[in-house]
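Following: one structure in structure tokens, then a few remarks.
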Amino acid sequence: MQKPSLLADLVDIRHQIKSDAECNRDTVRQRDRDIGLRIPARQNDAATLRAWVAAIRQGHGGQGRLAQRGIITVIAALWLFGLSGGWLLGNMALDYDGSEPVNIIHALMILVGSQLLLLTALLILLAFGLERVREAFAFINPAVWISRLLAWMQPAWHPSISELLDEQGAMRLHGIRRWLLVYLAQHFAVALNLGIIAVLFYLVTVSDLAFGWSTTLMVENQAVSGWFDALSSPWQWILPAAAPNADLVEASRYYRLQTRLHQDTMLVAELGIWWLFMLMCILVYGLLPRILTLLYAGIRYDRSVISAIRNTTGSAQVLLRMRSPLVSSGADEAEKVDGTEECPPPLRRRQIGRPLRAVVIEWSGVQADRPALSRSGITAVQFHSAGGKQSPDADREMINRIRGHEFEAVVLVAGSWEPPMMEFIDFLRELCEQMDASVMRIVYLVPAEKREAVRPGDLETWESALYAMDDSKLYVEVQPP
């Protein structure tokens with residue numbers, strides 16, 4: 001199954017990167033370079049990272065295997081509960097003891113109307129991003145309580161399932177938690193509809209199930225016939241037997257004080273024709289929307305996991321180690337890779353003796369220290385923000401705005417304590433492409449605490465990540481303490 005394996009890869013990638021941080025750097029670099037030589041160079045970043053962690057696992061189960069088993073078990077449990085719930089719900093709505101027919105309007109409201117109401121609420125919450133309301137509704141999501149139940153029954157799965165459902169956890173980034181819950185809930189809904197369809201076929205087979213309709217309101221038969229005609233419009237051209245006509249609607253109306261139906265107009269047995277209409281309503285308005293929602297949620301879930309794989313902290317360094325030449329002081333000549341032979345590393349200091357007039361861009365909420373910029377020889381003429389909560393479209397619009405101004409450099413202020421994510425690399429690459437060739441590009445690293453120096457290891461990480469950009473106008477500098 002693709003989705004559980006994607007999730008397993010994400011969990012293992014995150015775990016492996018954390019483990020590598022405690023290992024010898026040279027050993028990790030050599031291992032990743034060897035893996036990189038065995039992986040096709042034209043793969044995208046996410047596929048490369050998945051191949052990387054698969055090579056390290058080499059068939060052995062990792063942390064992701066528990067998450068994979070957990071999600072498969074949750075899906076199986078959702079199908080079991082969904083089919084059972086659909087059977088019980090169908091029996092309740094279609095209860096028929098022969099004394100009076102099943103009220104078709106009442107049954108439709110229970111079996112179809114309630115589902116459409118919940119689905120509409122879900123789509124509204126997803127479309128408008130009402131996060132707090134959506135989290136409140138997650139409480140009634142069957143995937144949540146079934147997952148909690150399984151975590152309680154199987155303690156070994158508890159850490160993995162808890163991480164998936166943690167409202168503040170890392171899995172929530174990129175929408176993983178949101179789309180996983182929607183995806184799992186649709187499995188339950190599809191199974192529920194199949195259970196309803198199964199009990200409908202069963203009751204039609206073993207009993208003389210008859211339908212009618214009744215209301216206390218003063219409603220004309222013609223108006224009700226119009227509603228039924230509208231409901232059956234999607235299939236009446238191909239299955240006219242499942243579209244009730246005006247005569248059937250009129251003959252199906254009954255009153256509780258009335259001892260018998262309109263037997264002089266239509267035989268009571270013919271009222272069983274309604275079951276085809278009920279079946280098509282469940283298929284078209286119950287099952288089909290849930291299948292489409294399941295497919296859409298699955299696609300969005302896949303994309304969210306792939307995005308998380310690409311942007312996992314440390315993934316850029318893994319890709320760099322796999323794709324960059326391995327430099328060793330004991331070798332006669334550095335290993336060469338196509339496209340990197342002439343790649344100059346970024347310089348730590350600018351070779352210029354006067355202050356630079358620069359546009360300063362603060363990345364992901366990191367604040368630039370104005371006095372420190374001045375001490376670094378940077379005269380800020382404009383300040384802008386990018387990354388973080390700002391959308392990629394807003395970032396591109398900001399780049400277009402600064403293109404028309406005259407300045408000597410663009411200074412991108414970033415936090416040194418967090419390795420450069422793919423989002424940062426993509427923004428920097430686009431920034432470099434849009435700027436004039438004469439404009440210097442400076443990545444300005446600030447420390448985690450004021451009056452402290454940027455750690456050498458953090459500087460090395462940033463320089464290594466920016467090495468492969470092959471930009472002679474790109475420099476990496478640190479904020480002076």
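The values are calculated or read from the model by the stated rules, or taken from the named source; none is laboratory data. All of these numbers come straight from a predicted model, not from anything done at the bench. When the accessible area is computed, the model is the full protein with side chains, heavy atoms only, and any ligands, DNA or RNA have been set aside. Shrake-Rupley method; radii C 1.70, N 1.55, O 1.52, S 1.80 Å.
Around Trp213, which amide H atoms from residues at least 5 apart in sequence, or from another chain, sit under 5 Å from its own amide H, with H modelled in the peptide plane?
Ile104, Arg253, Tyr254
Contact order normalised by length for region 356-478, with contacts defined as Cα pairs under 8 Å and 6 or more residues apart; what percent is it?
26 percent
Between Ser364 and residues 5 or more places away or on another chain, which pairs have amide H atoms under 5 Å apart, with H built 1.01 Å from N, and which residues are they?
Distant-sequence amide H within range of Ser364: Ala386, Gly387, Gly388.
For region 359-481, what % of the accessible area comes from carbon and sulfur atoms, probe 1.4 Å?
Here it works out to 46 percent.
Leaving out ligands and nucleic acids, and using a 1.4 Å probe, what accessible area per residue does region 356-478 come to in Å²?
Details: 5880 Å² over 123 residues.
Per-residue value: 48 Å².
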